[in-house]
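Down below is the structure, laid out as structure tokens.
The values are calculated or read from the model by the stated rules, or taken from the named source; none is laboratory data. Please read all numbers here as calculations on a predicted model, not as lab measurements. Cβ atoms come from the backbone with ideal geometry, glycine included; neighbour counts cover every protein chain shown.
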């Protein structure tokens, strides 16, 4: 089955700096890669996703890059703000109906002002 | 947009009690729903895949007799934690995708989760 590795486990940055979180996956058939932000005690919130037919996707301060050959994908947050502080999870899955998301272990991002 | 409702949001009960958690897709149908468990400061771990009208598929290490899953309709899946013990205390969360839409357009929708505390 799929295995997703995520690094780093914790990341501290100053407000305005960039933050990068990296994930690798094992199943070469995976083709959907979402990123979630989770605040304490709440559901994960989808912040951006990418499918294997593209190498990069951007939404304002957030971007995701995908390297299918190397089986890794990364989340980039620019101009970080204190409200970006949260736990971020990457995930991977195949696109067939009924296929679950497999999550990385998470990264706790702390943005200090 | 698509909404998944999960109930209850918080349960505190005594050891040995069985607890049922409901997961409903409110405005779409889902032949498949997923149940995850999240311990404090850890990731979401897939427990099982719930299939409408058939048996659930459990992940390795998850006891199917302890975590009973029923998916009797296209909008409802239930997870029953039987004879719960303190080690079962966790955050349980379900998810589903609107399978009436092309996969490429639809992310997974998560419920709000159920915090289960066994005394």
Quick check: anything in segment A:31-42 assigned to a strand (DSSP E or B), at the interface with chain B (Cβ under 10 Å from one of its Cβ atoms) and in contact with a helix residue (DSSP H, G or I) (Cβ under 9 Å, 6 or more places away or on another chain)?
yes
Exercise for review: May I ask you to verify whether residue B:116 is away from chain A (no Cβ under 12 Å), in contact with a helix residue (DSSP H, G or I) (Cβ under 7 Å, 6 or more places away or on another chain), more than 25 Å from residue A:49 (Cα to Cα) and modelled with pLDDT of 95 or more?
Suggested key: yes
Going through (1) at pLDDT 95 or above; (2) out of contact with any helix residue (DSSP H, G or I) (no Cβ under 9 Å at 6 or more places or on another chain) one by one, residue B:66 fails only at (2)
Hey, does segment B:23-37 have a residue that's farther than 27 Å from residue A:4 by Cα and touching a helix residue (DSSP H, G or I) at 6+ places or on another chain (Cβ under 7 Å)?
no
Requiring at least 3 residues that are touching a residue at least 60 places away in the same chain (Cβ under 8 Å) and within 18 Å of residue A:103 (Cβ to Cβ), the strands (runs of 3 or more DSSP E) wholly within segment B:1-103 are B:32-38, B:90-96
### Query
Taking residue A:80, is it more than 14 Å from chain B (Cβ to nearest Cβ), surrounded by 18 or more Cβ atoms within 10 Å (Cβ to Cβ) and assigned to a loop (DSSP other than H, G, I, E, B)?
yes
ask   = Quick one: is residue B:96 within 11 Å of the chain's Cα centre (by Cα), within 14 Å of chain A (Cβ to nearest Cβ), buried (at least 20 other Cβ atoms within 10 Å of the Cβ) and at pLDDT below 95?
value = yes
